[in-house]
Amino acid sequence: MTPPAVPRNDRPFVIPFFLPNQGCPHRCLYCDQQLSGGRRPEPLTPAAVAAGIENGLSSPRIKPGQRVEAAFYGGTFTALPLERQARLLEAAAPFLAEGRLSGLRLSTRPDALTAEKVAFLETRGVTALEIGAQSLDDQVLLRSGRGHTSNATSRAAGLVKSARLRLGLQFLLGLPGEDQASRELTLTQALALAPDEARLYPLLVLEGTALAELWRRGEYRPLDLDQAVRAAAAMYVDLTRAGTRVLRMGLQSDERLERSVLAGPHHPAFGHLVKAEVFQTALIQALSGRPAGRETPVLLVSPRDLPEALGPGRSTLAALKDRFHLEDLAIKPDQSVTRGFFIWAGQTFPVIGDRDRACIEGIR
């Protein structure tokens, strides 16, 4: 069955299931070997999928009318044995038939997709495919041990788009051999693929990986936090302007990750830092072009945007006061301001742009 096309900015509620490293053909340079070295959770069963969906559907976080999807993350789903794929997907079939689930999403590698595999997934209710592109620079992919080229990502993305499934691309920032030119190449090619969704992750050095050995020998230097935030902000802005919803930036923190990180730009609120960086850039541009009047200068923002507008520890407000010599400057919430916009000196400004403004709400 061919799923109906859905609006690019229609954000679903996702019920996640994890298949850590299952189906992966080999380990990439940065991959945590502990996940594939025997100490992994029990294999996900169809019964566990059905129970998990039933439990997820009772969540009070589901908004009225919101689409609900089940998702399989953490491995290369389309490289699993076909029978195992079918059994996991069929566990969700009753919920799709009843209309309680609107679709399924999977994450996979670009070189693990074929037209036949996409057709198989279509008939089982899959509506979104997230491809682990990581980079679109072939030299970076080679040095990272990905085992595929950027052409594999372009081909896989074309298969997903041709099937009218939602296309997601996942990127890692700070891979070995990556520089500013490499990131610009990746962004340019990503925009050409027109993904519906994207995820941006800073690369971390984890214990038990080949990357950790390179780092110990001084042969790899990760991005620092400021560099990673700026790199993610640049991609976030351009992807959002193009209509791509950025679903997440930064890894979800957990106890095991905290124990495993040796180096790199790890922060539990990485996405917040990126949004604050984007907001600060927009505020500086607005204040530079339109001076405040005689009254006390006030920036008005949506209440939901206030934390990003103020910046971590109110750092953006302090920076603006210092830069523009506005000791009385205030940033205040106002219910009348649309999220993703702000008002300064009587004029309304967008944080990113006036196209696909709903995308601005896409980052968690």
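The values are calculated or read from the model by the stated rules, or taken from the named source; none is laboratory data. Please read all numbers here as calculations on a predicted model, not as lab measurements. When we count neighbours, we look across all protein chains shown, and the Cβ atoms used for this are built from the backbone with ideal geometry, even at glycine. In case anyone asks, the SASA skips ligands and DNA or RNA and just uses the protein heavy atoms, side chains included. Shrake-Rupley method; radii C 1.70, N 1.55, O 1.52, S 1.80 Å.
Looking at (1) modelled with pLDDT of 95 or more; (2) among the aliphatic types (A, V, I, L, M); (3) closer than 20 Å to G74 by Cα, which is the only condition A112 fails?
It fails just one condition, (1).
Got at least one residue in the stretch 268-280 being among the charged types (D, E, K, R), outside any helix (DSSP H, G or I), under 20 Å from V351 (Cα atoms) and open to solvent by 10 Å² or more (accessible area, probe 1.4 Å)? Step through it out loud before you land on a result.
Start the filter on the stretch 268-280 by keeping residues that are among the charged types (D, E, K, R), which leaves 275, 277.
With outside any helix (DSSP H, G or I) added as a condition, the list becomes none.
There is no residue in the stretch 268-280 that is among the charged types (D, E, K, R), outside any helix (DSSP H, G or I), under 20 Å from V351 (Cα atoms) and open to solvent by 10 Å² or more (accessible area, probe 1.4 Å).
Keeping to the stretch 291-328, report how many residues are out of contact with any strand residue (DSSP E or B) (no Cβ under 8 Å at 6 or more places or on another chain), over 17 Å from V351 (Cβ atoms), touching a residue at least 24 places away in the same chain (Cβ under 8 Å) and open to solvent by 80 Å² or more (accessible area, probe 1.4 Å).
So the answer is 3.
What residue, among those in the stretch 155-168 that are more than 18 Å from L104 (Cβ to Cβ) and surrounded by 16 or more Cβ atoms within 10 Å (Cβ to Cβ), is nearest to the chain's Cα centre (by Cα)?
Among them, the one singled out is A157.
For a quick check of your reading of the model, give me the residue pairs whose first member lies in the stretch 260-286 and is aromatic (F, W, Y), whose second is surrounded by fewer than 21 Cβ atoms within 10 Å (Cβ to Cβ), with beta-carbon atoms closer than 8 Å and at least 6 apart or on different chains.
From residues that are aromatic (F, W, Y), the pairs are F270/L251.
Test each condition in (1) in contact with a Phe, Trp or Tyr (Cβ under 9 Å, 6 or more places away or on another chain); (2) under 17 Å from I352 (Cα atoms) for P202 and report the one that comes out false.
Result: P202 passes all but (2).
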